[in-house]
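Trainee: The structure that follows is given in the form of structure tokens.
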Amino acid sequence: MNVLMNAKILSVLAATLLAGTAQAADPIKIGVPVGLSGANSVVAPSVVQAAELAVEEINAEGGVLGRPLKLVVADDGSGAVGAQKAFDALVFRDEVDVLISMETSAARNAGLPIVQRGRIPYIYTSFYEGRSCSPFLYVDAWVPEQQVPPVVDYLKAEGAKTYFLIGSDYAFGRGMLDFAESYIKETGGEVVGEEYLPMDGTDWTAIISQLKSSGADALITSTAGGAPNVTLTKQLRGAGVTIPYANLAVDEGTAKSMGADAEGILISASYITGIDSDENKSFLKAMNDKFGGDLRTPNDLSVPQYEGVYLYKEAVEKAGSTDPRAVLKALGEVSFTGPRGTIEMSKQHHAPLTMYLGQVQADGSVKVVESFPNVDPGEQCPDL
Amino acid sequence: MSLFLDVVTSSAVLFIVATGLLTIFGVLKIINFAHGAWLTVGGYCAVATTQTGLSPWLALPVAFVVGGVLGILTERFIVRPLYARPLDAILATWGLGIVIGQLITLIFGRDVQFTPSLIPGTVDVFGTAYSAYRLFALLAAVVLGLGFAFLMEGTRLGLSARAVIMNETLARILGLDTAKIRTVTFMIGTGLAGLAGVLLTPLTSVDPNMGVAWLVGSFMLVMVAGESFGTLAVACLLLGGAQVVVSTYVSPILGGITIAVLAALILRLSPKGFSRA
């Protein structure tokens, strides 16, 4: 006991003595609150992997301003209560320099006041329903204004005039379909039905019968990720629904493993593994080399995380320090060319993005049908 | 026409899901809250069977056996000491359900798993293209129901089980091995739940929580139905039918709570539900 105590005191003393010389190499701490448990637990590991690769690459090149980057990952339980704990611990206990994370909207909303108290930059890397505004918050992923129009435009060009919308009954599901409905109306289409099932609902029978009797030309769905998505798709295919089907909530990995049931589904994303660019190919190779058999397929949530770390690096270098005020100013001015192309969070703290419309093929791969360069996020935060 | 088909096939699916729960409740008077977990186990039997490259149909017997064997162990080590304390049994089985869910997560991961559809495509029914699998589910429900009626009415085991239901003390005095009857009944109940889990896979995703969504509905139906498979079928048709009608004409969100609300109402008016016993 005594020996241990002495050793502790000694090491603390040593650390204090060394502090002067070690300061230059003190790591810059990046806090990553993420849903390792709960609803996001399926996707969260891929997000952490992407962040790990970015940090490793940057450190191998000498770090940022001569200092290495260090990740501090905290589980936010995918919800508000867990997020409050995770943000609090990261901001005030670990004293991280920045938060970069993909999270649920509930977790983001719960964490934002803590970020504002801690006055540090927060880069949000998940697509979301839009209009979350704070001087401390930057977003490098898409909002409905960027994701929905490519889908509707494509369906319209294919001859669809009437649409049926199906979703899970929660903020994101309703938000996406509300936007889809107004965009369809603006562009001269008609919505003949819009139905929701609770998030834990499993029986879509009645809705599918309504869809069939409505005679709609096309179907757009926005369910909660994972189970509801698969359940709805299975039951749709079982019921013999063959009209063009755009799914706003399915990720490439889920679509791939759904096999024959997913064939023909249209997806709209800012990242698809099939993007034909050097940056994407070298990113995929680096991920493969680093994680091998444990690799979680990179996706539209993990790639923005990777780029978020790089955007922070660019901003710190431009600001010349990790001073939050200077970094926050620089974040809106720097750009980084990554797997998704050149990302610049220059539009009211949001980023214009190249969106890809993909179609699931019979073998499970996703083919890029069309790309829409520099889609504007619209008026997200006019006051910023 | 499609409304009619929706009603009968939805009721059939509910019936399939609830039979395992009813079996155990009817004879043992124990509410097996691990029922959802057994459905999940069945679903994962389908995943494991197809992953090893076997026919997805083989998952049906596999799930029945796996569910049954796990049921025997559960009855012996967890449920048996709790027959006199049904409330504690609810807690114990609820906890067991959580443990099973976590074990499945450890083995298979949290991700959604995929199984091929047993019967893909649609069939033309009087001019309406209707899901072939849902029609198959209807057939499966009828077979299950009739099979069970035969088991209860036409076999020695059924006779003994009915004796236990009516008066367990008397049955024991008459020389029936009631402990064995309990074990066998529990095994059949969990085996049926596993079987139902496989039958659900073409309609739902397979994930560690897949059974939980079905638990409350089947619990309500069993409360209303009481002890017999006949009344369970009636309850499924009435409540399941109401769910489809409300979903179709009012709102699917209200449809989601129809079964629970109606069950509460029925039990308020007639505390024994549909059973006269």
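The values are calculated or read from the model by the stated rules, or taken from the named source; none is laboratory data. If you're wondering where the values come from, they're calculated on a predicted model, not measured in any experiment. FYI the Cβ positions are ideal-geometry reconstructions off the backbone, even for glycines, and counts take in every protein chain you see.
Trainee: Say we look at segment A:88-97 and pick out the residues that are among the charged types (D, E, K, R) and part of a loop (DSSP other than H, G, I, E, B); which of these is surrounded by the most Cβ atoms within 10 Å (Cβ to Cβ)? Can you show your working first?
Mentor: Going residue by residue through segment A:88-97, those that are among the charged types (D, E, K, R) are A:88, A:93-95, A:97.
From the residues that got through so far, the ones that are part of a loop (DSSP other than H, G, I, E, B) too are A:94-95, A:97.
Values: A:D94: 13, A:E95: 12, A:D97: 22.
So the residue we want is A:D97.
Trainee: Filter segment A:214-238 down to the residues that are outside any loop (DSSP other than H, G, I, E, B) and at the interface with chain B (Cβ under 7 Å from one of its Cβ atoms) and list them by number.
Mentor: The initial filter retains those residues of segment A:214-238 that are outside any loop (DSSP other than H, G, I, E, B), namely A:214, A:218-222, A:227-238.
Of everything in segment A:214-238, those that are outside any loop (DSSP other than H, G, I, E, B) and at the interface with chain B (Cβ under 7 Å from one of its Cβ atoms) turn out to be A:A227, A:V230, A:T231, A:K234, A:Q235, A:G238.
Trainee: Determine which single condition A:L284 fails, assuming it passes every other condition in (1) at pLDDT 95 or above; (2) buried (at least 20 other Cβ atoms within 10 Å of the Cβ).
Mentor: Condition not satisfied by A:L284: (2).
Trainee: Is it the case that B:R156 is more than 12 Å from chain A (Cβ to nearest Cβ), at pLDDT 85 or above and in contact with a helix residue (DSSP H, G or I) (Cβ under 9 Å, 6 or more places away or on another chain)?
Mentor: Numbers: more than 12 Å from chain A (Cβ to nearest Cβ): yes; at pLDDT 85 or above: yes; in contact with a helix residue (DSSP H, G or I) (Cβ under 9 Å, 6 or more places away or on another chain): no.
Considered against the rule, which asks whether it is more than 12 Å from chain A (Cβ to nearest Cβ), at pLDDT 85 or above and in contact with a helix residue (DSSP H, G or I) (Cβ under 9 Å, 6 or more places away or on another chain), B:R156 comes out as no.
Trainee: Another question, then. Tell me the strands (runs of 3 or more DSSP E) entirely within segment A:98-212 that contain at least 2 residues that are within 14 Å of chain B (Cβ to nearest Cβ) and closer than 29 Å to A:Y245 by Cβ. Steps first, answer last, please.
Mentor: Values: elements: A:98-101, A:122-124, A:137-139, A:162-168, A:190-197.
Here the list reads A:162-168, A:190-197.
Trainee: Scanning for something over 19 Å from A:P304 (Cβ atoms) and not assigned by TED's automatic domain parsing to the domain that holds A:I207, does segment A:135-155 turn up at least one residue?
Mentor: Our first condition is that a residue be over 19 Å from A:P304 (Cβ atoms); within segment A:135-155, this holds for A:135, A:149, A:151-155.
When the remaining residues are screened for being not assigned by TED's automatic domain parsing to the domain that holds A:I207, the result is A:135.
Yes, because at least one residue in segment A:135-155 is over 19 Å from A:P304 (Cβ atoms) and not assigned by TED's automatic domain parsing to the domain that holds A:I207.
Trainee: Looking only at strands (runs of 3 or more DSSP E) that fall completely inside segment A:325-384, which ones have 2 or more residues that are free of Cβ contacts under 8 Å to residues at least 24 places away in the same chain and of a type outside the set (D, E, K, R)? Spell out the reasoning first.
Mentor: Working: elements: A:336-338, A:341-343, A:353-360, A:366-375.
It comes to A:366-375.
Trainee: With buried (at least 23 other Cβ atoms within 10 Å of the Cβ) and closer than 18 Å to A:L357 by Cα as the only criterion, which of A:T233, A:T221 stands out? Break it down stepwise before answering.
Mentor: Details: A:T233 fails: closer than 18 Å to A:L357 by Cα.
That would be A:T221, the only listed residue that is buried (at least 23 other Cβ atoms within 10 Å of the Cβ) and closer than 18 Å to A:L357 by Cα.
Trainee: Next up: Residues that are within 14 Å of chain A (Cβ to nearest Cβ), modelled with pLDDT under 90 and surrounded by 15 or more Cβ atoms within 10 Å (Cβ to Cβ): list the helices (runs of 4 or more DSSP H) wholly contained in segment B:215-277 that include at least 3 such residues.
Mentor: Values: elements: B:229-235, B:241-249, B:252-269.
Qualifying helices (runs of 4 or more DSSP H): B:252-269.
Trainee: Since A:G253 meets every condition but one in (1) modelled with pLDDT of 95 or more; (2) facing chain B (nearest Cβ under 10 Å), which condition does it not meet?
Mentor: Condition (1) is where A:G253 drops out.
Trainee: Counting just the residues of segment A:239-250 that are more than 10 Å from chain B (Cβ to nearest Cβ) and of a type in the set (A, V, I, L, M), which one comes out surrounded by the most Cβ atoms within 10 Å (Cβ to Cβ)?
Mentor: Among them, the one singled out is A:V250.
Trainee: A further question follows. Looking at segment B:98-121, is at least one residue farther than 30 Å from A:A44 by Cβ, within 14 Å of chain A (Cβ to nearest Cβ) and over 22 Å from the mean Cα position of the chain (by Cα)?
Mentor: Checking segment B:98-121: at least one residue is farther than 30 Å from A:A44 by Cβ, within 14 Å of chain A (Cβ to nearest Cβ) and over 22 Å from the mean Cα position of the chain (by Cα).
Trainee: Can you tell me how many residues within segment A:22-41 are in contact with a Lys or Arg (Cβ under 8 Å, 6 or more places away or on another chain) and closer than 15 Å to A:S101 by Cα? So that I can check it myself, show each step before the final result.
Mentor: Applying the first criterion (in contact with a Lys or Arg (Cβ under 8 Å, 6 or more places away or on another chain)) to segment A:22-41 yields A:24-30, A:41.
Okay, now just the ones that are also closer than 15 Å to A:S101 by Cα, so A:29-30, A:41.
The number of residues fulfilling the criteria is 3.
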